[in-house]
Amino acid sequence: MITGRQIRAARALLNWTQEMLAEKALVALTALKRLESERGLGVHEGTTDQVRRALEAAGILFIESGQGRGVMFLNETSDIQTRQGRGRGRAESS
């Protein structure tokens, strides 16, 4: 299960406000604020799932390991540039 800290970190990586995330996840702003709260206020499981899906659709990966929890922004454009760069290198050496 994702935490409020992970959601706040994900928003920071995307440069999204709470209002933006609530709109994209189709959840009430008050529900999102409860979800992100330090006190761990309860929300419906469906709300958490909608927020998680909205963030993942924007390129966020939620990470959980024995060392802790975190988030990562999967930047597709750098992946495309890396593949294109490799392709050019092959063409030049042929």
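The values are calculated or read from the model by the stated rules, or taken from the named source; none is laboratory data. Keep in mind the model is a prediction, meaning the values are calculated, not measured. So basically every Cβ, Gly included, is an ideal-geometry build from the backbone, and we count neighbours across all protein chains shown.
Quick notes on this one:
- Selected residue [of a type in the set (A, V, I, L, M), assigned to a helix (DSSP H, G or I), modelled with pLDDT of 95 or more and exposed (fewer than 12 other Cβ atoms within 10 Å of the Cβ)] from Ala22, Ala12: Ala12
- The single residue among Ile80, Ile60 that is modelled with pLDDT under 95, out of contact with any Asp or Glu (no Cβ under 7 Å at 6 or more places or on another chain) and of a type in the set (A, V, I, L, M) turns out to be Ile80.
- Positions within region 25-66 being of a type in the set (Asp, Glu), surrounded by fewer than 16 Cβ atoms within 10 Å (Cβ to Cβ) and part of a helix (DSSP H, G or I), in sequence order: Glu45, Asp49, Glu56
- Cβ pairs under 8 Å, 6+ apart, first in region 49-62 and over 14 Å from Glu23 (Cα atoms), second among the basic types (Lys, Arg): Phe62/Arg52; Phe62/Arg69
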